[in-house]
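Participant: What follows is a structure written as structure tokens; I'll ask about it next.
The values are calculated or read from the model by the stated rules, or taken from the named source; none is laboratory data. The structure displayed is predicted, hence computed values, not measured ones. Here the Cβ positions follow ideal geometry from the backbone for every residue, glycine too, while neighbour counts run over all protein chains shown.
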Amino acid sequence: MNMLVDGEWRTDVQKSTNENGEFERQETNFRDRIRDEPGARFQPESGRYHLYVSYACPWAHRTLLVRALKGLEDAISVDVVDPFRADDGWQFNPEKDGCTPDSLHGSDYLRELYVRADPEATGRVTVPVLWDRKEDTIVNNESAEVLRMLDTEMDEFASRDVDLYPEGYRDEVDRIIDKIYQPINNGVYRAGFTKSQKAYDRAVTDLFDALDDWDSVLADQRYLAGDRLTEADVCMFTTLVRFDQVYHTHFMCNRKFIHQYGNLWPYLRDLYQTPGVAKTVNMDHIREHYYTTHPEVTPSRIIAIGPDLDFEAGHDRDQLPGGPPAELLASQ
């Protein structure tokens, strides 16, 4: 595993699987918060915060989705790393289509920003990164917390009145996000990075049992939490939109494609066609990253062609109660 140890980049630190061959995701290490409270270190301000993301990464994609849905593009700027991640980690490569330089510091590698924020930083260098221009440091690199901050603490600067964590739904949204994380969001990685047959079998069984269950739920309701688009749908979307192109083949999650599900596939198209969502999806970056960045899984680095999917096809989900916020529909 490649990571920082006491501020130095190492490529030989530790395995990402436990003694049973099961994939274990490391905890993120910057966990401060933007708070709209007197005396808070990180106050909501337009132009103060900056996101470092990869279009390829589902965790970073969550934050881009919330930024787009709420209309925070003018309040929070973004830089995009190269989808190919070699031994030196995430790299800035403005010569590649869809990528940018580090517009704040001119860094070559994302790890330089981690060390800038903490010269003794130890841990994996991941996206997303929420950066504070004022204090010149990382606020947070945990995607679930970053998306929640953008959703709940930056309303004053949002161009659209879109609430993805509405009162009356919050307990259910939290329950769903927790419920889908291990078998689905992390489940594809548990299958793809496993080192034992037993662990793989367990991960794939958990994954498809969960997908089957949610396919049944979505037969009678438009969104995961009912009739409202919420953060739970954001978290589900970034896994589902990658599934048929990369997880099915690359991570051996090949019991079934998402486009073979009677409800998950129309649900995915419904979300994709929600105003603001499609522009956050860069399938070229997604496919390049997965097939070229994990040589332990695909050593040839040949990018699989993948199925030809029409995310713009009709879905009939509008026959169910609820729908996208009126503010989003008005922006079309």
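Participant: Would a scan of region 9-28 turn up a residue that is closer than 28 Å to Tyr181 by Cβ, among the hydrophobic types (A, V, I, L, M, F, W, C) and modelled with pLDDT of 95 or more?
Facilitator: No; the residues of region 9-28 include none that is closer than 28 Å to Tyr181 by Cβ, among the hydrophobic types (A, V, I, L, M, F, W, C) and modelled with pLDDT of 95 or more.
Participant: Of (1) farther than 19 Å from Trp90 by Cβ; (2) in a loop (DSSP other than H, G, I, E, B), Glu27 satisfies all except one. Which?
Facilitator: Among (1) farther than 19 Å from Trp90 by Cβ; (2) in a loop (DSSP other than H, G, I, E, B), the lone unmet condition for Glu27 is (1).
Participant: Sticking with this structure for a sec: Only residues that are surrounded by fewer than 17 Cβ atoms within 10 Å (Cβ to Cβ) and among the small types (Gly, Ala, Ser): list them for region 106-122, please.
Facilitator: Residue satisfying the conditions is Gly106 alone.
Participant: Provide a single number: the residues in region 297-309 that are without any contact (Cβ under 8 Å) to a residue 12 or more places away in the chain and more than 13 Å from Arg85 (Cα to Cα).
Facilitator: 5
Participant: Shifting gears a bit: So is Arg170 surrounded by fewer than 23 Cβ atoms within 10 Å (Cβ to Cβ) and either modelled with pLDDT of 95 or more or under 22 Å from Gln273 (Cα atoms) (or both) or not?
Facilitator: It is true that Arg170 is surrounded by fewer than 23 Cβ atoms within 10 Å (Cβ to Cβ) and either modelled with pLDDT of 95 or more or under 22 Å from Gln273 (Cα atoms) (or both).
Participant: Just give me the residues in region 49-85 being surrounded by fewer than 20 Cβ atoms within 10 Å (Cβ to Cβ) and assigned to a loop (DSSP other than H, G, I, E, B), in sequence order.
Facilitator: Gly71, Glu73, Asp74, Phe84
Rundown of residues vs (1) farther than 17 Å from Phe42 by Cβ; (2) in contact (Cβ under 8 Å) with a residue 40 or more places away in the chain; (3) of a type in the set (Phe, Trp, Tyr); (4) not in a loop (DSSP other than H, G, I, E, B), yes/no style:
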position	(1), (2), (3), (4)
Ser107	yes, no, no, no
Tyr114	yes, yes, yes, yes
Glu120	yes, yes, no, no
Val125	yes, yes, no, no
Leu130	no, yes, no, yes
Lys134	no, yes, no, no
Ile138	no, yes, no, yes
Arg148	no, yes, no, yes
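Listed here are the residues, each with its yes/no results for (1) outside any loop (DSSP other than H, G, I, E, B); (2) in contact with a Ser or Thr (Cβ under 7 Å, 6 or more places away or on another chain); (3) in the same structural domain as Arg48 (by TED's automatic domain parsing); (4) of a type in the set (Val, Ile, Thr).
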| position | (1), (2), (3), (4) |
| --- | --- |
| Ile184 | yes, yes, no, yes |
| Ala191 | yes, no, no, no |
| Asp201 | yes, no, no, no |
| Val204 | yes, no, no, yes |
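Participant: Within region 214-256, track down each residue that is out of contact with any helix residue (DSSP H, G or I) (no Cβ under 7 Å at 6 or more places or on another chain) and within 26 Å of Asn282 (Cβ to Cβ).
Facilitator: Leu229, His248, Thr249
Participant: How do the pairs read when you match residues in region 272-283 that are within 14 Å of Ala56 (Cα to Cα) with residues anywhere that are at pLDDT below 95 and in a loop (DSSP other than H, G, I, E, B), using Cβ under 9 Å and keeping only pairs 6 or more apart or on different chains?
Facilitator: The qualifying pairs are Met283/Gly306.
Participant: Sort out which residues of region 29-86 are among the charged types (D, E, K, R) and modelled with pLDDT under 95, and write them in order of number.
Facilitator: Listed by number, the residues that qualify are Arg31, Asp36, Glu37.
Participant: Being β-branched (Val, Ile, Thr) and farther than 12 Å from Ala60 by Cβ is the filter; apply it to region 123-146 and report the residue that is surrounded by the fewest Cβ atoms within 10 Å (Cβ to Cβ).
Facilitator: The residue in question is Thr137.
Participant: Shifting gears a bit: Quick check on region 253-274. Is at least one of its residues in contact with a Gly (Cβ under 6 Å, 6 or more places away or on another chain), assigned by TED's automatic domain parsing to the domain that holds Gln221, surrounded by 18 or more Cβ atoms within 10 Å (Cβ to Cβ) and closer than 22 Å to Asn186 by Cβ?
Facilitator: no
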